[in-house]
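Single-structure report; data block below.
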Amino acid sequence: MLDYIRLDWDLPILPQLPNGFKSAAILFHPFIQMPNGWEKSKRENPYQHIYPSDEEMINLSEPISWKEVMSKSNLKSYKELSLALHTSTGALRYKYKREDLANPFNSYLEITPDLYYPDSDRTSLFIIDNLLKVLCSKNSNTLYFSEPIYGMNGSFEAQDKSPLEIGNLSPNDLIITDENMDFAFMSIYDSFTTLLLAKEINIENTIKSVNLEALICDKETSLSWFL
């Protein structure tokens, strides 16, 4: 079992990985597109802020990629979109804010009904199935988890839990690894991303095999990669 790890935000990720892990990728959580008119049908008044529940997200929504949002909001890179997201949600200190990127991003959201921000604190429910395929790709069936908020850890059989059940193992911080610790994924608080770790050097082929949208970490990539 691998305990949840705290990574320094500003230092390169790869040297901070637990022993045996050689590569990592930052996975981008998809945006959430609910059916047209969904928010209007849920509001009790025009000023009420509505966000879909986990069950509504799983059953009714569809994932929208960062690339699609970038193209429609005239942002040129993952870095620009991440800066726009963090600025729009008030997650950045003043010196890092990029209102010039947040403005076109917010304008796009305003004209796109029922489109919601990605999950920002836990692993997106949209990508858990693909992550399970990665963790089980080397004949692992038993998965181990650790979360630091309540100090809980344990194991489960991959086929026995749904993405919703896995997402609810912790309210925020969570790491899950396979029984051989060939792979692990961990949520990153306030980031709209999940970190995937691998013992193999070339993680890019793994990412492509399950069609995840990601930034492959090089020796200089940190959690603050977008600043």
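The values are calculated or read from the model by the stated rules, or taken from the named source; none is laboratory data. Predicted, not measured: the structure shown is a model, and the values here were computed from it. In this analysis, Cβ positions are derived from the backbone assuming ideal geometry, glycine residues included, and neighbour counts consider all displayed protein chains. For the accessible areas, the whole protein counts, side chains as well, though only heavy atoms, and no ligand, DNA or RNA atoms are used. Shrake-Rupley method; radii C 1.70, N 1.55, O 1.52, S 1.80 Å.
Per-structure values
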read-out	value
Residue within the range 135-151 that is under 30 Å from ASN36 (Cβ atoms) and out of contact with any Gly (no Cβ under 8 Å at 6 or more places or on another chain) present	no
Answer from PHE185, PHE226 - the residue that is modelled with pLDDT of 95 or more and assigned to a loop (DSSP other than H, G, I, E, B)	PHE226
The range 17-43 residues that are over 21 Å from ALA214 (Cβ atoms), paired with ones that are surrounded by fewer than 20 Cβ atoms within 10 Å (Cβ to Cβ) and at pLDDT below 90 (beta carbon under 7 Å, 6 or more apart)	GLU39/ILE50; LYS42/ILE50; ARG43/ILE50
Qualifying residue in the range 116-125 (condition: crowded, with 18+ Cβ neighbours inside 10 Å, touching a Lys or Arg at 6+ places or on another chain (Cβ under 9 Å) and among the acidic types (Asp, Glu))	no
Residue within the range 156-172 that is within 12 Å of the chain's Cα centre (by Cα) and modelled with pLDDT of 95 or more present	no
Output for the range 7-40, where each listed residue is surrounded by fewer than 11 Cβ atoms within 10 Å (Cβ to Cβ) and at pLDDT 90 or above	ASP10, PRO15, ASN36, GLY37
Filtered residue count, the range 41-75, keeping only those that are acidic (Asp, Glu), within 16 Å of the chain's Cα centre (by Cα) and open to solvent by 40 Å² or more (accessible area, probe 1.4 Å)	1
Residue that is farthest from MET34 (Cα to Cα), among those in the range 101-122 that are at pLDDT 95 or above, among the hydroxyl-bearing types (Ser, Thr, Tyr) and under 17 Å from the mean Cα position of the chain (by Cα)	TYR117
Conditions (1) more than 19 Å from the chain's Cα centre (by Cα); (2) open to solvent by 40 Å² or more (accessible area, probe 1.4 Å); (3) under 30 Å from ILE176 (Cα atoms): number failed by ARG98	(3)
Residues that are open to solvent by 40 Å² or more (accessible area, probe 1.4 Å) and either in contact (Cβ under 8 Å) with a residue 40 or more places away in the chain or closer than 19 Å to ASP190 by Cα (or both), drawn from the range 76-90	TYR78, LYS79, GLU80, THR89, GLY90
Residue list for the range 71-100, filter: within 24 Å of TRP38 (Cβ to Cβ) and among the aliphatic types (A, V, I, L, M)	LEU81, ALA84, LEU85
Filtered residues of the range 152-175 (kept if assigned to a loop (DSSP other than H, G, I, E, B), within 19 Å of ASP129 (Cβ to Cβ) and open to solvent by 10 Å² or more (accessible area, probe 1.4 Å))	LYS161, SER162, ASN168, LEU169, LEU174
Answer from ASP129, ASP178, ASP190 - the residue that is surrounded by 14 or more Cβ atoms within 10 Å (Cβ to Cβ), charged (D, E, K, R) and in contact (Cβ under 8 Å) with a residue 24 or more places away in the chain	ASP178
